[in-house]
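For reference, the structure discussed in these notes is given below.
The values are calculated or read from the model by the stated rules, or taken from the named source; none is laboratory data. All of these numbers come straight from a predicted model, not from anything done at the bench. FYI the Cβ positions are ideal-geometry reconstructions off the backbone, even for glycines, and counts take in every protein chain you see. In case anyone asks, the SASA skips ligands and DNA or RNA and just uses the protein heavy atoms, side chains included. Shrake-Rupley method; radii C 1.70, N 1.55, O 1.52, S 1.80 Å.
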Amino acid sequence: MADGIEVRGVTFEYSTGLGSVLAVKDASFTVAPSEFLCIVGPSGCGKTTILNMLAGFLAPTRGEILIGGKPLGKAKTDRGVVFQDFAQLFPWRTALANVEFGLEMRGVGKAERRATAMEYIRLVGLEKFSSTYPHQLSGGMQQRVAIARALAYNPGVLLMDEPFAALDAMTRDDMQGLVASVWAATKKTIVYITHNVAEAVYLGDKVIVMAAHPGTIRQEIRIPLARPRDPLSDEFIATQRHLLTVLGARKPPARAAAE
Amino acid sequence: MSRITSICITLLAILCLAAAWEAFARFGGYTPKLTPTLSMIGAALVRIAANGVLWTAILATLNRLLLGFAMAAAIGLLIGGLMGRKQWIEDMLLPIVSFVYPIPGLAYAPLFILWFGLGDVPTILLVGISSCVVIILNTWKGVKSIKPIWLRSAEVMGAGDREMLHHIVLPGALPYVMVGLRLGLANAWRILIAVEMLMSVQSGLGWLIFGAQTFLNTDVMLATIAVIGLIGVLLETQVFERIERATIVRWGMAAA
Amino acid sequence: MSRTRRIRSAGLIRGVLAVLICLALWEMFARTSRSTSLTPPLELIGQTLAGMLVDGTLLINTLHTLGRVLLGFCIAALIAVPLGILMGRSRFAERFFLPVVSVLLPIPSLAWVPLFTLWFGIGNTATICVVVYAAFFPLIYNVWAGVRSVLPIWTRAATVMGAGRWALWRKVVWPASLPYVIAGTRLSVGRAWIGVIGGEMLASPTFGLGQIIFNAKEFLNASVMLSVLVVIGLIGVITERFIFNALEEATIRKWGMAASARR
Ligand SMILES: Nc1ncnc2c1ncn2[C@@H]1O[C@H](COP(=O)(O)OP(=O)(O)OP(=O)(O)O)[C@@H](O)[C@H]1O
Ligand SMILES: [Mg+2]
């Protein structure tokens, strides 16, 4: 069910009124089926752009993307996406109805999809808020609904764009644990974008480190640690330090270093 | 889409509209007397512009518009502002205003004719009264929308009633007030044209259309309608967009 | 709880009081003036209203006017909604139609009445044409703005979850543009009212509230005019309260989207 992803020499230029902006330059990497890939990099290095191409929202200027061996346009849309932006939920649907959407699109009957959606709402710990509209939820809660929504129709590939960047540290720890256990249980292929190095080391099988202006892949690093991982172990901290050096030791992201 | 393509498409649209009218005029089954061709309309426009009829009509209409709108703005800002600041005034006036609001101003026209006779005075009064309601409502909403924290912080900094009005209430309410004035002017403009037809005034664009109908001068009627549209666009875009850009857009209270 | 209720009931009392004061002032004014036909006292207005209610003139004329508004609005909506959606989704259609819309929008619908009566004769057709013209432009403009206001992130999220073209329209674009659509409908119905009253006065179809008002002028009958004005006001309050407000309450206010289409 989980497809692999192959990115071959992909370049992306935004054309704006003032000319073109080179957002991603000649990026190549692969994600094996059921692999957990993290992409880290400074703000503006093209992470969101890459994710939007993987999701099929943007077509690469050059290069190609294969999912399950097929070019992106032809692959069946078996993907779930969690965006960086809180506004991604549909304001006209309750939390539960938002989670139901993907199932509804697949023609699942009302009772069944309600039950399934409720399961995922429970998974993210929002059962008390299932009939609340998004504007009455906090940012973190909205983001959790978004994760439930992306999981509910059980896509083989999950693309997540800094989903927890705006959460408080405690909720974020919970959510990271949740993602790790969902991945362990379902063996989805996951591409997870973050600017938090500790998060990348905690979650990823493999981490891609990017550099900005133009966005390029600097290095690909395997994380050899056994799961479940202990963020306080010596290996963990050593891996984290290594990643920070690759990122550019002169300005390590302050927040990640503090954790 | 480049700028040139988009201009081309706009030109194409205007061309299509003109062609559609021309086809309707020539082959629509009416006599050219009823559906004049574009060249006839253009000629009529030149004619009324050259003999001065158009200019006196425009002047007369704009004159009434200005007087009526000035009256509406004065009444609207005053009553709306009072309603926003004093709860008891709001309680008393809101039911009445909400009842009057949906009545088209035109419906009062015959009543005004009965009371004030025909002519300029009832026309201006009607325009003023019927377009002030929307200004009242928006001014009231605007004053209500002022954040109590602004008022409190100004009070703490020692602002008196007059300073409060000048520095907090007026700028704070401005986004809504602008919407109200804009809608009020649009209403005044719409109703004025119609009222000029009903009130047997002796000049004005509405009168020009209505008078031309008597002699089946459809070319003059359409030329006048075109002028009315043009003035309407100018009133909308030139007057208010300028004021808004200079005030609330600059203060970040509304999108450009 | 009881405090807010007390405040609300104080407001209510003040509102009633203000209405009573207005009525009393009118009554004083009416009784001291010379002509009861020009400034009829309340009793006379009440009698006129009751008389028109009983003999059915009010009902039949109101139904005619409402029917014209409804028909005109429906025709306008039938064209404006699809076209507005098209304008919102296609840059070409936007560039093509927007100039036409922005030129025709500021022309008051009633300016067309003399022309429409020449083309279609005086009566119903011309009146309905005016209503259609009045209702059309605010609607198309707002549908366009509404579709433009749909966040790309919503359509992206829906597509990636497998929404087809039709589901995208029905379940995302439509509800997302509702704040504007409702605002546009409200404006459009308001303009249609102006159009229908003016049309009924100038194009003289049979029946209609505008007709009664206009004809009453010939007989110097202000009490008929005032009665009809009261009826028009009531219809306005009822549509606002029970249609538009209820609609907003059930949709965009519940969804927290009410502020997004203030203009
Ligand atoms: N719509 C757009 N038009 C033009 N340029 C864009 C657009 N979106 C992004 N860019 C540019 O492309 C580059 C990469 O943007 P992107 O959003 O992919 O960064 P990011 O890595 O996701 O950053 P962040 O961590 O802040 O989310 C940036 O330099 C940005 O200025
Ligand atoms: Mg990003």
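Test each condition in (1) among the small types (Gly, Ala, Ser); (2) in contact with a helix residue (DSSP H, G or I) (Cβ under 9 Å, 6 or more places away or on another chain); (3) more than 16 Å from ligand 1 (Cβ to nearest atom) for A:Gly73 and report the one that comes out false.
It is condition (2) that A:Gly73 fails.
Quick check: anything in region A:66-74 open to solvent by 50 Å² or more (accessible area, probe 1.4 Å), within 16 Å of ligand 2 (Cβ to nearest atom) and either more than 9 Å from chain C (Cβ to nearest Cβ) or on the phi > 0 side of the Ramachandran plot (or both)?
No: zero hits.
Looking at the structure I just gave you, is C:Arg165 of a type outside the set (A, V, I, L, M) and either modelled with pLDDT of 90 or more or farther than 30 Å from C:Ala258 by Cβ (or both)?
no
For (1) within 30 Å of A:Leu22 (Cβ to Cβ); (2) assigned by TED's automatic domain parsing to the domain that holds A:Arg172; (3) at pLDDT 85 or above; (4) in a helix (DSSP H, G or I), each residue gets a yes or a no:
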{"position": "A:Ile208", "(1), (2), (3), (4)": "yes, yes, yes, no"}
{"position": "A:Glu220", "(1), (2), (3), (4)": "yes, yes, yes, no"}
{"position": "A:Leu225", "(1), (2), (3), (4)": "no, yes, yes, no"}
{"position": "A:Pro228", "(1), (2), (3), (4)": "no, yes, no, no"}
{"position": "A:Leu232", "(1), (2), (3), (4)": "no, yes, yes, no"}
{"position": "A:Phe236", "(1), (2), (3), (4)": "no, yes, yes, yes"}
{"position": "A:His242", "(1), (2), (3), (4)": "yes, yes, yes, yes"}
{"position": "A:Thr245", "(1), (2), (3), (4)": "yes, yes, yes, yes"}
{"position": "A:Arg250", "(1), (2), (3), (4)": "yes, yes, no, no"}
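Of the numbered conditions (1) closer than 21 Å to A:Phe90 by Cα; (2) of a type outside the set (Asp, Glu); (3) open to solvent by 10 Å² or more (accessible area, probe 1.4 Å), C:Ala158 satisfies every one except a single condition; which is it?
Result: C:Ala158 fails condition (3) only.
Name, by its number, the condition in (1) facing another protein chain (nearest Cβ under 7 Å); (2) crowded, with 17+ Cβ neighbours inside 10 Å that does not hold for B:Val97.
Evaluating B:Val97 over (1) facing another protein chain (nearest Cβ under 7 Å); (2) crowded, with 17+ Cβ neighbours inside 10 Å leaves (1) as the failure.
Does A:Gln219 satisfy the criteria of being touching a residue at least 24 places away in the same chain (Cβ under 8 Å) and buried (at least 16 other Cβ atoms within 10 Å of the Cβ)?
Here the answer is no, as A:Gln219 does not meet what is asked.
Which one of C:Val196, C:Val113, C:Val181 is touching a residue at least 12 places away in the same chain (Cβ under 8 Å) and more than 10 Å from every other protein chain (Cβ to nearest Cβ)?
C:Val181
Assess whether A:Thr245 counts as being among the polar types (S, T, N, Q), farther than 30 Å from C:Thr159 by Cα and open to solvent by 60 Å² or more (accessible area, probe 1.4 Å).
On the way: among the polar types (S, T, N, Q): yes; farther than 30 Å from C:Thr159 by Cα: yes; open to solvent by 60 Å² or more (accessible area, probe 1.4 Å): yes.
Yes: the conditions hold for A:Thr245.
Out of B:Trp21, B:Trp55, which single residue is farther than 30 Å from B:Tyr176 by Cβ, modelled with pLDDT of 90 or more and out of contact with any Cys (no Cβ under 8 Å at 6 or more places or on another chain)?
Working: B:Trp21 fails: modelled with pLDDT of 90 or more.
Residue meeting the stated conditions: B:Trp55.
Has region C:212-219 got at least one residue that is surrounded by 22 or more Cβ atoms within 10 Å (Cβ to Cβ) and in contact (Cβ under 8 Å) with a residue 24 or more places away in the chain?
yes
So which residues in region C:220-254 are surrounded by fewer than 20 Cβ atoms within 10 Å (Cβ to Cβ), more than 20 Å from the chain's Cα centre (by Cα) and more than 9 Å from every other protein chain (Cβ to nearest Cβ)?
Within region C:220-254, just C:Arg253 meets the criteria.
Let's see how each residue does on (1) within 14 Å of another protein chain (Cβ to nearest Cβ); (2) surrounded by fewer than 20 Cβ atoms within 10 Å (Cβ to Cβ):
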{"site": "C:Leu17", "(1), (2)": "yes, yes"}
{"site": "C:Ser33", "(1), (2)": "yes, yes"}
{"site": "C:Ser37", "(1), (2)": "yes, yes"}
{"site": "C:Pro40", "(1), (2)": "yes, no"}
{"site": "C:Val54", "(1), (2)": "no, yes"}
{"site": "C:Arg68", "(1), (2)": "yes, no"}
{"site": "C:Ile79", "(1), (2)": "no, yes"}
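Within region C:102-117, how many residues turn out to be assigned to a helix (DSSP H, G or I) and surrounded by fewer than 20 Cβ atoms within 10 Å (Cβ to Cβ)?
Final tally of qualifying residues: 3.
With respect to A:Ile65, determine if the residue is within 16 Å of A:Lys206 (Cα to Cα) and in a strand (DSSP E or B).
no
For every residue, the table says whether it meets (1) touching a Leu at 6+ places or on another chain (Cβ under 7 Å); (2) of a type in the set (Gly, Ala, Ser).
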{"position": "A:Val7", "(1), (2)": "no, no"}
{"position": "A:Ser20", "(1), (2)": "no, yes"}
{"position": "A:Gly41", "(1), (2)": "no, yes"}
{"position": "A:Ile50", "(1), (2)": "no, no"}
{"position": "A:Leu54", "(1), (2)": "yes, no"}
{"position": "A:Pro60", "(1), (2)": "no, no"}
{"position": "A:Gly63", "(1), (2)": "no, yes"}
{"position": "A:Gly73", "(1), (2)": "no, yes"}
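Among the residues of region A:30-50, how many are under 15 Å from the mean Cα position of the chain (by Cα) and either within 16 Å of ligand 2 (Cβ to nearest atom) or open to solvent by less than 10 Å² (accessible area, probe 1.4 Å) (or both)?
So the answer is 12.
Quick check, is A:Thr61 within 16 Å of ligand 1 (Cβ to nearest atom), in contact with a strand residue (DSSP E or B) (Cβ under 6 Å, 6 or more places away or on another chain) and open to solvent by 50 Å² or more (accessible area, probe 1.4 Å)?
yes
Between a residue in region A:164-184 that is within 16 Å of A:Leu123 (Cβ to Cβ) and any residue that is in a helix (DSSP H, G or I) and open to solvent by 60 Å² or more (accessible area, probe 1.4 Å), which pairs come within a Cβ distance under 8 Å, given they are 6 or more apart or on different chains?
Close Cβ pairs satisfying both conditions: A:Leu178/A:Leu123; A:Val182/A:Leu123.
State which residue is modelled with the highest pLDDT when the search covers only region A:78-92 and only residues that are surrounded by fewer than 22 Cβ atoms within 10 Å (Cβ to Cβ) and more than 8 Å from chain C (Cβ to nearest Cβ).
Step by step, filter region A:78-92, then rank; the result is A:Gln84.
Any idea which of (1) within 13 Å of ligand 2 (Cβ to nearest atom); (2) assigned to a strand (DSSP E or B) is the one A:Ala27 doesn't satisfy?
Status for A:Ala27: all satisfied but (1).
Give just the number: which of (1) open to solvent by 10 Å² or more (accessible area, probe 1.4 Å); (2) within 14 Å of chain A (Cβ to nearest Cβ); (3) modelled with pLDDT of 90 or more; (4) over 19 Å from C:Leu83 (Cα atoms) does C:Thr125 not satisfy?
The number of the failed condition is (2).
If we keep just the residues of region A:166-195 that are open to solvent by 40 Å² or more (accessible area, probe 1.4 Å) and either closer than 23 Å to A:Met210 by Cβ or within 16 Å of ligand 1 (Cβ to nearest atom) (or both), which is farthest from the other protein chains (Cβ to nearest Cβ)?
Of everything passing the filter in region A:166-195, A:His195 is farthest from the other protein chains (Cβ to nearest Cβ).
Can you tell me which residue within region A:94-120, out of those that are more than 8 Å from every other protein chain (Cβ to nearest Cβ) and in a loop (DSSP other than H, G, I, E, B), is most open to solvent (accessible area, probe 1.4 Å)?
A:Gly107
Restricting the first residue to region B:170-182 and requiring it to be under 18 Å from B:Ser131 (Cα atoms) and modelled with pLDDT of 85 or more, which pairs with a second residue that is outside any helix (DSSP H, G or I) and among the basic types (Lys, Arg) meet a Cβ separation below 8 Å and a spacing of at least six or different chains?
B:Val179/C:Arg262; B:Val179/C:Arg263
For residues that are of a type in the set (Lys, Arg) and within 12 Å of ligand 1 (Cβ to nearest atom), scanning just region A:1-55, find the one that is nearest to the other protein chains (Cβ to nearest Cβ). Break it down stepwise before answering.
The first filter runs over region A:1-55 and keeps only residues of a type in the set (Lys, Arg), leaving A:8, A:25, A:47.
Narrowing further to those that are within 12 Å of ligand 1 (Cβ to nearest atom): A:25, A:47.
Details: A:Lys25: 24, A:Lys47: 16 Å.
So the residue we want is A:Lys47.
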